[in-house]
Amino acid sequence: MKNTKKLILIALAVAINIAGSKLALFFSIPLFLDSIGTMLAATILGPVGGAGAALVGGLISGALGDVYAIYFAPSSMIMGIIAGFLLHNKKTTIFSMTWKTFLIVLPGSALTAIISTILFSGVTSSVWATVSIAALSHSILSLFASSFLIQIVTDYFDKLLAVFLVHTAYKHLPEDLKHFN
């Protein structure tokens, strides 16, 4: 029964990731909104749950038309793993959310910048990020530095929002949903 609940939670997390991703792409907002479910799974299930939700979400988003999501799934998985270590069964305050989010995004943003630079010359599914990277890389920064700068700023605010939303929702979950692994 516990494994069934875990799989249902991961499926819900994947659905949240995909819905958020599609909303962000549709409205062209400067956030990705593709990791709220990952942060939820990481908070409740730990690192494996976070990574699993990120991987499955990336693969399904890719199959649904955002092919970039497949290539960036490893970055999301790293963030899910780190979030699992930092958020799973941990007390979280507004202050700790700010520094934990930075620790979550730093390695994932670096990997995303590497993937974006090597495979796509700075192009991503986000129009505003692609334009920002192109503008910066044609002015004062290299393509990688531009990609990393845009990525870490975007990832930080995107994941901080995700962590805050999950933290707020988590406080209201029944105890049996918070600790079933």
Quick check on packing: order 74-80, 40-46, 144-150 by the mean number of other C-beta atoms within 10 Å, highest mean leading. 40-46, 74-80, 144-150
Could you work out how far apart the two model spin labels at Leu7 and Phe102 are, taking each label as a point 7 Å from the Cα in the direction of the beta carbon, and quote it in nm? 4.1
Env charge @ Leu12, Cβ radius under 14 Å, K,R +1 / D,E -1, value +2
List every DSSP H helix in the chain whose Cα atoms extend 18 Å or more along the helix's own long axis and whose mean Kyte-Doolittle hydropathy is at least 1.6. 68-87, 94-120
Summed over the other residues with a beta carbon less than 14 angstrom from that of Phe32, with K and R at +1 and D and E at -1, the charge totals -2
Scanning the chain for trypsin sites (Lys or Arg not before Pro) in DSSP loops with at most 16 other Cβ atoms within 10 Å, what's the longest stretch left with none? 1-89
Which residue, Leu55, Leu23, Leu160, tops the fluctuation ranking in a GNM of the chain built on C-alpha contacts under 10 Å? Leu23
Work out the charge dipole of the chain with +1 on the Cβ of Lys and Arg and -1 on the Cβ of Asp and Glu about the Cα centre, then indicate which of Gly52, Phe85, Asn17 is farthest towards its positive end. Phe85
Once you've got the Cα coordinates, tell me which of Lys22/Lys178; Lys100/Lys178; Lys2/Lys100; Lys100/Lys171 are over 25 Å apart. Lys22/Lys178; Lys2/Lys100
Debye, to nearest 20: dipole size of the chain, +1 on Lys, Arg Cβ, -1 on Asp, Glu Cβ: 500
Full-extension gain in nm, Ala15 to Ile29, via 0.36 nm per residue minus C-alpha separation: 3.1 nm
Entry for Rg/Rh (Cα atoms, Kirkwood Rh) (calculated from the structure that is shown) out of [x] 0.98; [y] 1.21; [z] 1.19: [x]
At the level of C-alpha centres, the distance separating the range 93-138 and the range 144-181, in angstrom, is 15
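Bear in mind that the values in this text are calculations on the coordinates, not laboratory data. From a predicted model like this one, the values you see are computed outputs, not experimental measurements. Heads up, the Cβs are rebuilt from the backbone with ideal geometry, glycines too, and the neighbour counts pull from every protein chain shown.
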